[in-house]
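Nothing in this text is a laboratory measurement; each read-out follows from the coordinates by a stated rule. Treat the numbers as computed from the prediction; the structure is a model and nothing was measured. Cβ: placed from backbone, ideal geometry, glycine included. Neighbour counts: every protein chain shown.
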Ligand SMILES: Cc1cc2nc3c(=O)[nH]c(=O)nc-3n(C[C@H](O)[C@H](O)[C@H](O)COP(=O)(O)OP(=O)(O)OC[C@H]3O[C@@H](n4cnc5c(N)ncnc54)[C@H](O)[C@@H]3O)c2cc1C
């Protein structure tokens, strides 16, 4: 009998998690990761933090030998252009690869800044992007960061800590006001500004003209370095073209990572995956959740029972401050801000049930929040 063949598309945490887990259950299978990236798998979280600050160069996910030990073949710089689900063949860089099971973990790419001159701004997703950004920072004295999501806040803080004069620009009065609420946004703004960066809220970018960022309120800011951190778009086109079900540009995956097509699984940022704990499909863009979903996909592809039910969560580091978040991530109808000794907690609820918790220097609340959200219980009263 010939050995089973697993193809994984993508070398982020979801792809690596899938390959590693499949290997555990199928020791004799042939496993190949096809990735568009030209670098061996690396961690993205440090790219806006220690790596950008210049504190580390080591972002490898695994040493090169690990892939040999696991007998995982890594094919770099090979973007998959076609999936033929009838023949069970994918095409990458002109080569065809057959599969018995396919796991799609193609992640997301930065959404271009859609204003005149927007292409002038740098972006931050890959190690190559981060290297370009860090090299530019080496000779820059000023920077404008456009977009105050977590990556924008982290990058602004890291560049300010390198000594650059940094302005963080976003349309909301405080960072992430819509997602996390005004009080949480004010505290995140304080953390960013504590690193020396300046937050410029309440106005969007109208255009970029050479080294000048023109804001909608008529102000112009000149900077040596301009970074757009304006969100991501899922890399789902190849899957959609192959007839794999896509909703809101995300591949639709069940809690076991299966898609509408037999022997095709999907995990990570490219998906909208059903979470058994939430009882609904979620869109999550966090490192650990991508890895968890990848493990589910690898196990399911190998014929094991596995489902995604964990409460999603991540930590962000704004300068030296670690802010932690657990949430289903699809909104809330009430929030309560609580001061903590040297920090804070925000409890989020929907229809009386805990759906999120954001903490700074309040780890007990972070752990408790995860339990309450997972159990579908109310947030603590009056704390
Ligand atoms: C700068 C930065 C900092 C971050 N910090 C944090 C953090 O602190 N905490 C946190 O939880 N999350 C963080 N994230 C988010 C986290 O990195 C993502 O949620 C995670 O990487 C998603 O994993 P993934 O495997 O789904 O996709 P990705 O990591 O995006 O990997 C997708 C892979 O697919 C490949 N690919 C795309 N198209 C194709 C194709 N057609 N053919 C073959 N390969 C393809 C790509 O090259 C890539 O290898 C950060 C992200 C960035 C960019």
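Write down the percent of antiparallel bridges among all DSSP beta bridges whose residues are both part of the range 112-228, to the nearest 5.
In the range 112-228, approximately 35 percent of DSSP beta bridges are antiparallel ones.
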With a point put 7 Å past each Cα toward its Cβ, work out how far residue 81 is from residue 38 in nm, to one decimal. 1.7
Please arrange 326, 286, 30, 25 by counting, for each residue, the other beta carbons lying within 10 Å of its beta carbon, fewest first. 25, 30, 286, 326
So for the chain, using the alpha carbon gyration tensor with a ≥ b ≥ c as root eigenvalues (a/c under 1.5 gives rounded; past that, a/b versus b/c decides prolate or oblate), I'd call it oblate
Sticking with the crude label model, points 7 Å out along Cα→Cβ, report the distance from residue 198 to residue 320 in nm, one decimal please. 2.5
Would you calculate, for the chain, the mean residue ellipticity at 222 nm contributed by helices, counting each DSSP H stretch of 4 or more residues as -39,500 (n - 2.57) and dividing by all residues, to the nearest 500? -7500 deg cm²/dmol
Starting from 0.36 nm per residue, how many nanometres of slack lie between residue 336 and residue 173 once their C-alpha separation is accounted for? 56.7 nm
Between residue 128 and residue 96, the two model label points (7 Å from Cα along the beta-carbon direction) sit apart by a distance in nm of 2.8
Report the FRET efficiency, 1/(1 + (r/R0)^6), for residue 240 and residue 89, where r is their Cβ-Cβ distance and R0 is 25 Å, rounded to 0.05. 0.90
Expressed as a rounded percentage, what relative contact order does the chain have, with Cα pairs under 8 Å and six or more residues apart? 16
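Two decimals is fine: what's Rg over Rh for the range 1-108, C-alpha atoms, Kirkwood radius as Rh?
We get a ratio of 1.01 for the range 1-108.
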Mind pulling the angle between the C-alpha long axis of helix 363-375 and the longest principal axis of the chain? Nearest 10 degrees, somewhere in 0 to 90. 50
Taking R0 as 25 Å, what's the FRET efficiency between residue 135 and residue 276 from their Cβ-Cβ distance, rounded to 0.05? 0.05
In which sequence would 95, 295 go, from the one with the fewest C-beta neighbours within 10 Å to the one with the most? 95, 295
Fully extended, how many nm does the chain gain between residue 73 and residue 381 (0.36 nm per residue separation, minus their Cα-Cα distance)? 105.6 nm
Report, in whole Å, the centroid distance computed from the Cα atoms of the range 106-164 and the range 277-333. 25
Please state, as a whole number in µm²/s, the translational diffusion coefficient that the Stokes-Einstein equation yields for the range 127-220 at 25 °C and 0.890 mPa s, with Rh defined as the Kirkwood radius across alpha carbon pairs. 182
Give me 345, 203 sorted ascending by neighbouring Cβ count inside 10 Å, so fewest comes first. 203, 345
Considering Cα pairs under 8 angstrom that are at least six residues apart, work out the relative contact order of the range 112-228 and quote it in whole percent. 33
